[in-house]
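As structure tokens, the structure follows; a few thoughts come after it.
No value in this document is a laboratory result; all are computed from the given coordinates. Keep in mind that what you see is a predicted model, and the values were worked out from it rather than measured. A quick note on method: Cβ atoms are made from the backbone with ideal geometry, for glycine too, and the neighbour counts reach across all protein chains shown.
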Amino acid sequence: MIRRFTILLSIGLLLVLSACGGTSSNTNDATSQNETADAGITAKEELIITAANYSFDQKTYHLKKGVPVKIIFKNESGNHGILIPELNLRLDGKDASRVIVPDEAGTFEMTCAIMCGSGHSGMSAQVIVE
């Protein structure tokens, strides 16, 4: 009985740890699809957001209201994404970039869009639209 419980516990632990252990390949196909979808908007600025295990490369990101910006998501380690509901933005390894036009000033919470393991709940940053 104890042996069976230990085996099940080990398998569960491996599944949780493997969620952040995968790699993401940001292919040109994903970028091409996003550029095609946003073909009507020409970006005037570019913002690169990089994620690693349980953190983004910055705590705050700044955008200008009304200025089209191409947001590019790069994943250095683990399996992550970004989600900013107020800006209608979700990016991950499959859809790695998108052009948006922030039309409302404010401070918005950006979180990891993919359950990535034990540090997932603390993986956040702020996007400030001025």
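Working note: Cα gyration tensor of segment 87-126, eigenvalues times five, square-rooted, sorted largest first, giving semi-axes of 21, 15, 5 Å. Amide hydrogen proximity for K64: with H placed 1.01 Å from N in the peptide plane, the residues at 5 or more positions away or on another chain lying under 5 Å are E130. Rounded to the nearest whole Hz, the Karplus-based 3J(HN,Hα) values (6.51 cos²θ - 1.76 cosθ + 1.60, θ = phi - 60°) of segment 65-74 follow the sequence 4, x, 9, x, 9, 8, 9, 10, 9, 10, with x at glycine and proline. Per-residue Karplus couplings for segment 89-99, computed as 6.51 cos²θ - 1.76 cosθ + 1.60 with θ equal to phi - 60°, are listed in order as 10, 9, 10, 7, x, 7, 10, 8, 8, 6, 9 Hz, Gly and Pro entered as x. Our coupling estimate for segment 105-114, obtained by passing each phi through the Karplus curve with A = 6.51, B = -1.76, C = 1.60 and θ = phi - 60°, is 6, x, 10, 10, 7, 10, 10, 6, 8, 10 Hz, Gly and Pro reported as x. Less than 5 angstrom separates the built amide H of M110 from those of A125, Q126, V127, all sequence-distant by 5 or more or on a different chain. What you get for segment 77-130, charging only the Cβ of Lys and Arg (+1) and of Asp and Glu (-1), is a dipole of about 280 debye around the Cα centre. Stokes-Einstein diffusion for segment 57-130, with the hydrodynamic radius set to the Kirkwood value over Cα pairs and evaluated at 10 °C in a medium of 1.306 mPa s, equals 125 µm²/s.
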